[in-house]
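The values are calculated or read from the model by the stated rules, or taken from the named source; none is laboratory data. Since the structure is predicted, the reported quantities are computational estimates derived from the model, not experimental observations. FYI the Cβ positions are ideal-geometry reconstructions off the backbone, even for glycines, and counts take in every protein chain you see.
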Amino acid sequence: MFYFTQRRRFNELSEQEILALAISSEEDDSRIYRGYAERLREDYPATAAVFDGMAAEEDTHRAALIDLHEARFGPTIPLIRREHVAGFYARRPIWLVENLGLDRIREEAAVMERDAERFYTAAAARTSDAATRKLLGDLAAAEAGHQVTATELGDRHLGAEETDAEDATAHRQFLLTWVQPGLAGLMDGSVSTLAPIFATAFATQDTWTTFLVGVAASVGAGISMGFTEAASDDGALSGRGSPLKRGFASGVMTTVGGLGHALPYLIPDFWTATIIAVLIVFVELWAIAWIQNRFMETPFWRAALQVVVGGALVLAAGVLIGSG
């Protein structure tokens, strides 16, 4: 609470402080755009060129603001930043957005432009100096038109071929980082836990014991798959992305795959729980086949043959072992 009481309200700032805030904000935005450009340069060079151009435009805004401040108040610019002003819009640090996808980074840039436009509109309304009011109004209009600038830069650097290539690269990265390890985890969790769960069910016909075995098998398999995926490849050479993301996707989906047919055994009646669990198993297996067809471009019937038949065999093995 003490931290917030030390922040100034925007309507309490002097005209010099408003100019200083505008200068520091332009510096921050320029750095953020350059950070986006560096983040995207290797995989999306055309979009990186767009952000380079937007950073250069922010530099021209900052230079105009510094010239105006020097003319009115001298060369010494007060140190005031966004975090010093209560209620002022904030920018997320680059390390919180550096792992975002291409479309999400573009959305972040659009939000930056809208925030800056609102700031300059409010700042222009607070000043009585004609030159300052004109510059701030011009900058508000520039930020409002920044989307147009981005479009013009995009037209210059992002032709149809470049856009298609970058979208294809983003889609491939999504598949490698999230879909592929998540699908592997779902398959492992759905299939590998079938035998111990149904063997326990038919051996004991105790739903609570079966549920505990199912949860233990699912969580254990999830932890194992998550650590294995994260440790197997750091992504530096394969381009498969962050090992933490891949490990998380694999571990969570493995656990989900096993819990799907373990949860019905919370039902006290053995046969009711077993029938529901078997139905869930076949829904899980067909869902896996659909995901393989939808995202991995595996022919549907081949995916169904591999997953459904294989899963059915594991299920049968568990039932036979438990019944024996």
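In segment 58-75, which residue that is of a type in the set (Asp, Glu) and surrounded by fewer than 19 Cβ atoms within 10 Å (Cβ to Cβ) is nearest to the chain's Cα centre (by Cα)?
Selected residue: Asp59.
Quick one: which of Leu279, Leu175 is closer than 17 Å to Gly311 by Cα, surrounded by fewer than 21 Cβ atoms within 10 Å (Cβ to Cβ) and assigned by TED's automatic domain parsing to the domain that holds Ala304?
Result: Leu279 is the single residue among Leu279, Leu175 that is closer than 17 Å to Gly311 by Cα, surrounded by fewer than 21 Cβ atoms within 10 Å (Cβ to Cβ) and assigned by TED's automatic domain parsing to the domain that holds Ala304.
Would you call Ile280 modelled with pLDDT of 90 or more, assigned to a helix (DSSP H, G or I) and under 35 Å from the mean Cα position of the chain (by Cα)?
Considered against the rule, which asks whether it is modelled with pLDDT of 90 or more, assigned to a helix (DSSP H, G or I) and under 35 Å from the mean Cα position of the chain (by Cα), Ile280 comes out as yes.
Trp286 versus (1) buried (at least 20 other Cβ atoms within 10 Å of the Cβ); (2) modelled with pLDDT under 90: which is the lone unmet condition?
Condition not satisfied by Trp286: (1).
Do we find a residue being modelled with pLDDT of 75 or more, among the acidic types (Asp, Glu) and surrounded by fewer than 20 Cβ atoms within 10 Å (Cβ to Cβ) anywhere in segment 137-146?
The answer is yes, given that some residue of segment 137-146 is modelled with pLDDT of 75 or more, among the acidic types (Asp, Glu) and surrounded by fewer than 20 Cβ atoms within 10 Å (Cβ to Cβ).
Which of the following residues is under 22 Å from Pro181 (Cβ atoms) and in contact (Cβ under 8 Å) with a residue 40 or more places away in the chain: Gly310, Gly322, Gly318?
After ruling out the rest, the residue left standing is Gly310.
Is it the case that some residue within segment 76-92 is among the charged types (D, E, K, R), over 22 Å from the mean Cα position of the chain (by Cα), modelled with pLDDT of 90 or more and not assigned by TED's automatic domain parsing to the domain that holds Phe174?
No: segment 76-92 contains no residue that is among the charged types (D, E, K, R), over 22 Å from the mean Cα position of the chain (by Cα), modelled with pLDDT of 90 or more and not assigned by TED's automatic domain parsing to the domain that holds Phe174.
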